[in-house]
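As structure tokens, the structure follows; a few thoughts come after it.
The values are calculated or read from the model by the stated rules, or taken from the named source; none is laboratory data. If you're wondering where the values come from, they're calculated on a predicted model, not measured in any experiment. So basically every Cβ, Gly included, is an ideal-geometry build from the backbone, and we count neighbours across all protein chains shown.
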Amino acid sequence: MKLYLDDVNFDTIKKVADIYPIDGITSNPSVLKKSGKTPVEQLRSVREFIGQDKMLMSQVVSTTAEDMIKEARVLKEIIADEKEEKYFVKLPANPQGIKAIRQLAAEGMRCNATAIYDVTQGYVALEAGAKALAPYVNRIDNLGGDGLDVTRDLQHIIDVNGYDAVIVPGSIKSVRQILECARIPVYGVAVAGDVFDGMLDNIVVDNAVDKFNSDFADLVGEGKTYLDLV
């Protein structure tokens, strides 16, 4: 399962990418707002920074299908890689978004149907030609539903019907949700920087490493490693 960072802040990208094997960057208007730069400038800078072999996703903001289609074409030119394989244009899985996805999919555009809160939305988006689905796992939970169940059902529909599409859930707010998505499994998950921090933050591990290092220091001297012994 692929890991995507849901952030366009360069400090966060550098911090996360320094440790974790991320496969690309996802964004939406709320994520872009935090960058403090114009969306076009920031997205172009992100594409340049991550290179041509990483995925980049961003979302239209128009509200009519006609304008979404026009905006998606422009957005693709901003975020697509040279081979036009490592990008998704995100469109909402509402009536106007589905209408736009149908047209854009016919043109060969890689559309990600986002803001999915139930299985029906995802199914209709698949029929419209979406190549990716983004169920909002934690937001569904907060409404009294089960975001992971929605994700499982959508993956099952893709598998048994043979849709050429993947699932990249958003609104992932815990390490448990990441692991459950991996168990389904889905293609990838969009994860905020602070959730990445929690993946390897474990005081029990830190204590174990400290004990090993202390024992080694007792054996050969404080602060020494194998580099000092050969």
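So the check is Cβ under 9 Å with 6+ separation or different chains; which pairs have a first residue in the range 21-41 that's modelled with pLDDT under 95 and of a type in the set (Lys, Arg) and a second one that's crowded, with 17+ Cβ neighbours inside 10 Å and outside any loop (DSSP other than H, G, I, E, B)?
33/39
Mind checking whether some residue in the range 11-21 is among the charged types (D, E, K, R), out of contact with any strand residue (DSSP E or B) (no Cβ under 7 Å at 6 or more places or on another chain), in the same structural domain as residue 190 (by TED's automatic domain parsing) and under 20 Å from residue 134 (Cα atoms)? Can you show your working first?
Within the range 11-21, the subset among the charged types (D, E, K, R) is 11, 14-15, 18.
Still in the list and also out of contact with any strand residue (DSSP E or B) (no Cβ under 7 Å at 6 or more places or on another chain): 11, 14-15, 18.
Add one more test, that the residue is in the same structural domain as residue 190 (by TED's automatic domain parsing), and what stays is 11, 14-15, 18.
Of the ones still in play, those that are also under 20 Å from residue 134 (Cα atoms) are none.
Looking through the range 11-21, none of the residues is among the charged types (D, E, K, R), out of contact with any strand residue (DSSP E or B) (no Cβ under 7 Å at 6 or more places or on another chain), in the same structural domain as residue 190 (by TED's automatic domain parsing) and under 20 Å from residue 134 (Cα atoms).
Filtering the range 210-230 down to residues that are part of a helix (DSSP H, G or I) and of a type in the set (Ser, Thr, Tyr), which residue is surrounded by the most Cβ atoms within 10 Å (Cβ to Cβ)?
Going residue by residue through the range 210-230, those that are part of a helix (DSSP H, G or I) are 210-220, 226-228.
Going one step further and asking which of them are of a type in the set (Ser, Thr, Tyr), we end up with 214, 226.
Working: 214: 11, 226: 8.
In this case the residue turns out to be 214.
Listed residues 157, 167; which is surrounded by fewer than 21 Cβ atoms within 10 Å (Cβ to Cβ), more than 23 Å from residue 19 (Cβ to Cβ) and β-branched (Val, Ile, Thr)? Don't jump to the end; show me each part of the working.
Numbers: 167 fails: surrounded by fewer than 21 Cβ atoms within 10 Å (Cβ to Cβ).
Going through 157, 167 in turn, just one is surrounded by fewer than 21 Cβ atoms within 10 Å (Cβ to Cβ), more than 23 Å from residue 19 (Cβ to Cβ) and β-branched (Val, Ile, Thr): 157.
Look at residue 10 and say whether it is under 23 Å from residue 167 (Cα atoms) and either among the aromatic types (Phe, Trp, Tyr) or in contact with a Cys (Cβ under 7 Å, 6 or more places away or on another chain) (or both).
On the way: under 23 Å from residue 167 (Cα atoms): no; either among the aromatic types (Phe, Trp, Tyr) or in contact with a Cys (Cβ under 7 Å, 6 or more places away or on another chain) (or both): yes.
For residue 10, the condition - under 23 Å from residue 167 (Cα atoms) and either among the aromatic types (Phe, Trp, Tyr) or in contact with a Cys (Cβ under 7 Å, 6 or more places away or on another chain) (or both) - is not met.
Tell me which residues, restricted to the range 130-154, are surrounded by fewer than 22 Cβ atoms within 10 Å (Cβ to Cβ) and over 15 Å from the mean Cα position of the chain (by Cα).
Listed by number, the residues that qualify are 139, 140, 141, 142, 143, 144, 145, 146, 148, 149, 152, 153.
Please pick out the residue among 77, 82, 71 that is without any contact (Cβ under 8 Å) to a residue 24 or more places away in the chain, more than 22 Å from residue 6 (Cβ to Cβ) and surrounded by fewer than 20 Cβ atoms within 10 Å (Cβ to Cβ).
Values: 82 fails: without any contact (Cβ under 8 Å) to a residue 24 or more places away in the chain; 71 fails: more than 22 Å from residue 6 (Cβ to Cβ).
Unique residue meeting the criteria: 77.
Identify, from the list 105, 113, the residue that is within 24 Å of residue 25 (Cβ to Cβ) and either at pLDDT below 95 or in a helix (DSSP H, G or I) (or both). Outline the logic, then answer.
On the way: 113 fails: either at pLDDT below 95 or in a helix (DSSP H, G or I) (or both).
After applying the criteria, what remains is 105.
When you look at residue 63, is it exposed (fewer than 14 other Cβ atoms within 10 Å of the Cβ) and in contact with a helix residue (DSSP H, G or I) (Cβ under 8 Å, 6 or more places away or on another chain), yes or no? Show your work before the answer.
Numbers: exposed (fewer than 14 other Cβ atoms within 10 Å of the Cβ): yes; in contact with a helix residue (DSSP H, G or I) (Cβ under 8 Å, 6 or more places away or on another chain): yes.
It is true that residue 63 is exposed (fewer than 14 other Cβ atoms within 10 Å of the Cβ) and in contact with a helix residue (DSSP H, G or I) (Cβ under 8 Å, 6 or more places away or on another chain).
Spot the failing condition for residue 168; the list is (1) closer than 30 Å to residue 104 by Cβ; (2) out of contact with any Pro (no Cβ under 7 Å at 6 or more places or on another chain); (3) without any contact (Cβ under 8 Å) to a residue 40 or more places away in the chain, and only one is missed.
All conditions are met except number (3).
Please find, among 61, 89, 40, the residue that is assigned to a helix (DSSP H, G or I) and more than 19 Å from residue 191 (Cβ to Cβ). Give the derivation first.
Values: 61 fails: assigned to a helix (DSSP H, G or I); 89 fails: assigned to a helix (DSSP H, G or I).
Within the list 61, 89, 40, the selection yields 40.
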